[in-house]
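Below is one structure, written out as structure tokens; comments come after it.
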Amino acid sequence: MQISFKRAAKAAALFVLLVAADLFTKAIAVQALQDGRHVELIRGVLEFYYIQNRGAAFGIFQNGTVILSCVSLAALILLILLYLRIPGNRKYLPLRIVVVFIAAGAAGNLIDRVLLHYVRDFIYFCLIDFPVFNVADIYVTCSVFVLAYLIMFRYKEEDLQFLGH
């Protein structure tokens with residue numbers, strides 16, 4: 001687990017920036033939408049609508065703040081350990097970035113759960129009646145898709161040998 005200070009500092013800076021952006025957008029949403037207002041961005045497609053989500057994705061595990069916080073914390077620790085194992089050469093840069101985005105998403109929602117006992121969600125994709133979500137959710141969802149792509153099409157099995165040691 002040899003990681004350069006420069007690489008760790010860049011990852012930490014990106015992580016902090018992403019978490020700050022998530023928390024900032026949540027604060028703006030609370031301020032602008034807390035009174036039950038909806039802001040239509042694209043009629044019939046996308047709007048801002050603030051809710052307090054006391055569960056996980058799609059509203060499952062309602063009022064499961066403690067268990068969801070523990071799962072998020074464990075995931076965050078595992079992501080940090082994974083990041084430390086990823087080789088430092090340029091070939092693995094996309095993988096390192098994806099891991100930072102997933103960790104930032106987990107951290108953003110974990111901070112909400114710990115401090116507020118709910119997650120602030122405010123983006124509503126009404127075209128398909130998708131559950132209301134936030135920027136941290138976007139980090140995680142998009143990054144998981146990119147991660148799947150990287151594993152299936154970019155890296156060969158031998159490229160991921162570092163995971164087994």
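Among the residues of segment 112-134, which ones are touching a Phe, Trp or Tyr at 6+ places or on another chain (Cβ under 9 Å) and either in a helix (DSSP H, G or I) or not hydrophobic (A, V, I, L, M, F, W, C) (or both)?
Hits for segment 112-134 are Asp112, Arg120, Asp121, Tyr124, Cys126, Pro131, Asn134.
So how many residues does segment 61-96 have that are at pLDDT 90 or above and outside any helix (DSSP H, G or I)? Walk me through it before giving the result.
Here is the first cut: in segment 61-96, the ones at pLDDT 90 or above are 69-96.
Remaining after also requiring outside any helix (DSSP H, G or I): 86-89.
Of the residues in segment 61-96, 4 are at pLDDT 90 or above and outside any helix (DSSP H, G or I).
Given the conditions (1) at pLDDT below 95; (2) over 21 Å from Phe101 (Cβ atoms); (3) not hydroxyl-bearing (Ser, Thr, Tyr), report the number of the one that Lys6 does not fulfil.
(2)
Give all pairs with beta carbons closer than 6 Å in which a residue from segment 144-156 that is exposed (fewer than 14 other Cβ atoms within 10 Å of the Cβ) meets a residue that is outside any helix (DSSP H, G or I) and at pLDDT below 95; count only pairs at least 6 apart in sequence or on separate chains.
none
Of the residues that make up segment 19-40, is at least one polar (S, T, N, Q), at pLDDT 95 or above and assigned to a helix (DSSP H, G or I)? Walk me through how you get there before you give the answer.
Residues of segment 19-40 polar (S, T, N, Q): 25, 31, 34.
After this cut, where a residue has to be at pLDDT 95 or above as well, the list is 25, 31.
Applying the additional criterion that residues be assigned to a helix (DSSP H, G or I) yields 25, 31.
Yes: one or more hits.
The values are calculated or read from the model by the stated rules, or taken from the named source; none is laboratory data. Predicted, not measured: the structure shown is a model, and the values here were computed from it. Positions of Cβ are backbone-derived with ideal geometry, glycine not excepted, and every protein chain shown enters the neighbour counts.
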